[in-house]
Structures are given as structure tokens and as C-alpha cells.
Amino acid sequence: MNANDLYLKFPTFKSERKWQFEKPILFLGSCFSDEIAAKAKYYGLNTHSNPFGTIYHPLVINRFLLDSISNNNFEERIELFQNHFYSFDAAYQFKYDQKQMLIDDLKSKRASWLELMKSSSHLFITFGTAWGYRHCQTDVLVANCLKMPSQFFKKELVSTNEIVSSWIDVIQLIRSINPMIEICFTVSPVRHIRDGIIENNRSKAILIEAVHEITQATNTCYIPTYEIIIDVLRDYRFFKDDLVHPSDSTIQIIWNWLVALMTDESVLNLMKSVVKVRKAQDHRPLNQDNNSLELIRQNIEIERKKISLANPHINW
């Protein structure tokens, strides 16, 4: 038996809209989304991800997009805890001594994201979990519990219908500001073990069904990264030591597959040129004197500038 016979075949299809260096590519959602975004940035693409930090819940991701498009016409969901102000829409690192400073930061990032959406070619959205936490006092479904005591929140499982109805509305709004943007959904393969294995599978089932209903109703795209990792690779060798997060080699497999899907020959060749320079910059030769190292550095910089001159949209 050939080694390749031990794997189910990857799904293959082509995207009608390809990545371009001139156009922003946006990523929102779980940490898996951040991993892929980091790859795209390394290859020189104009990539932006999760301005409020990692967000796992589909309704909270939806709320961020809705708030960004609504031109901040709402009251911020801010909580004072242990003498610091936090946002229930953002990650823990959004921590300020003054409330107005936090509000200004949130508004600025939303405004920047709105401008990016107006010119982006692609928006990738990764749902992480259907389990969410609602702040008891304010009744806000939070992006992050912000290290507050667990008794401040009640845990709940969102329904497929709630996800679908909210996303159909926000997709229409996104297309009203950028009719040409391609919106692609994925479901994170990361298992939320703290919820429990059975509970995690319930959650993923809800997300998968919701995403398929959304894509069918809105003519958006589904990227089957979940199925590739869980059903095609399906071996703990493809996960990190925590047995939950995909390993670096697995991310590379997904990245290679996504590149084949989303690039044409000219973009692919330019990406190869960028990564060749990146690897040269990262390389640390042994037993080289200072003059030799400086000459190598200068040659790398000359090559980088040469590529940039011909392709000014590369994001180094």
C-alpha cells in the first residue's frame, strides 16, 4: 500500500477571486485564524487580523462587524474591574486606567477595520465555539471573561438559527460597503476541551451546520479546514503537545492547500520571492567574520529593495 493511500483525499476546488498584493486580506475569529493570517503576512500579503484580539464566538464576531459598520452608533460595553477598564468586546490586553482612553482605542480600531473592509478582496471568518458566556449584571454575551470570577457569568449554547439569522443580516451590510469582497467561513479544528469532549463536539456540529446554511443563503464560501485536519489528517502527530492545537507542520499543510486555492501563478511566484528574502534574513551563518556578514546583509537588502521597487504593494 502506498503511503498516500492512508489518507482520504483533500477536497479540491478553485476560488473565483484570487489574492492580490494590492488588496487587503482580512481574518477574524479564533486563534486558528491568527495562525493562517501570520502565514499570509510572512509571504508579504497585505494581511490584517483580529484587531480586538482573538474572538471565538460567532455572535461576538458578528457584533464587531456590525458595530464597525454602524459608525460607532452604540454604547460601548465596558466594565470596571480591579481599578481598570475593560471591554466585553475585546481581549484582556485592552486594559486601561481611564475609560475614555479605552473607548478611543476601540473606536479607532473599528474605524480602521471599516476602511479596510471597503477595499479588501477577502474576509476570512473562523468560528471557534458555540458555547458562550453572558455577563449576569449587564446581560452582554462577552468576547472574553477578562479573568473575572466565574460567578459573574452564565454559560450558554447558541443555536444554529441564532447564528444564521444574525450573519445573513451582517453579510448584507458588508456587501453594501464592498460588493466585490469574497467572504469565506471556516470552523476552527481546535478542540475546546475545557468545555468537555462531548460538549465540544456538540458545539462544532452547531457551527458546521450554521456555516453551511449561511453559505447557501448568502453565496459565500466555505473553506473545509476543519475536515482536512479532523477527517483527512486525523492523527495526533498533527497536533501540538496539548493534543488540541494543530502543530506548525499542520498549519503549513493547510497554508499550502489554501495558497493553491487562492493564488494564480504570478502571485505565487512573487510570494516565493518574498519568502526567499525572509529566509535569507532569518539565516544566521556560522564562522563568518563581521565584514562577510555585513556584505551578506547588504546583498539581501539590495534584493529586497529590487523586489519592492517592482512590486510596491508587498507588505514587508
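Taken as Cα centroids, the range 104-166 and the range 204-222 sit 18 Å apart, rounded to the nearest whole angstrom. With neighbours defined as other Cβ atoms within 10 Å of a residue's Cβ, the residues Tyr96, Tyr7 order from fewest to most as Tyr7, Tyr96.
Which Cys in the chain stand alone, with every other cysteine's Cβ at 4.7 Å or more from theirs? Cys31, Cys136, Cys145 - these cysteines have no disulfide-compatible partner (Cβ-Cβ under 4.7 Å) in the chain. Bridges between two residues of the chain, per DSSP, are antiparallel at a rate of about 45%. Principal-axis analysis of the Cα atoms of the chain puts helix 290-310 at an angle of about 70° to the longest axis. So how tilted is helix 265-282 from the main axis of the chain? Cα-based, degrees 0 to 90, rounded to 10. Once rounded, one gets 80 degrees.
Summarising the amide proton neighbourhood of Ser49: residues at separation of 5 or more, or on other chains, whose placed amide H is nearer than 5 Å comprise Phe27.
Mind checking which of Glu227, Glu294, Glu16 has the largest fluctuation in a GNM of the chain, springs on alpha carbons under 10 Å? Comparing Glu227, Glu294, Glu16 in the GNM, the peak value goes to Glu294. Across the chain, C-alpha contacts under 8 Å between residues 6 or more apart give a mean separation that, scaled by the residue count, equals a relative contact order of 22 percent. Each Lys or Arg adds one and each Asp or Glu takes one away; over the other residues whose Cβ falls under 11 Å from the Cβ of Leu114, this sums to +2. Between Gly132, Cys145, Ile103, the Cα set farthest toward the positive side of the dipole of the chain (charges on each charged residue's Cβ, about the Cα centre) is that of Ile103.
Using Cβ point charges alone (K and R +1, D and E -1), the dipole size of the range 68-175 about the Cα centre works out to roughly 180 debye. Taking the chain as the reference, fit the longest principal axis to its C-alpha atoms, fit the long axis of helix 248-262 to the helix C-alpha atoms, and give the angle between the two in degrees, 0 to 90, nearest 10. Tilt of helix 248-262: around 80 degrees. Counting only Cβ charges, +1 for Lys and Arg and -1 for Asp and Glu, the dipole size of the chain around its Cα centre is about 500 debye.
Every number here is computed from the coordinates shown, using simple stated rules; none is lab data. As the structure is a prediction and not an experimental result, all values here were calculated from the model. Methodologically, a virtual Cβ is constructed for each residue, glycine included, from the backbone with ideal geometry; neighbour enumeration extends over all protein chains shown.
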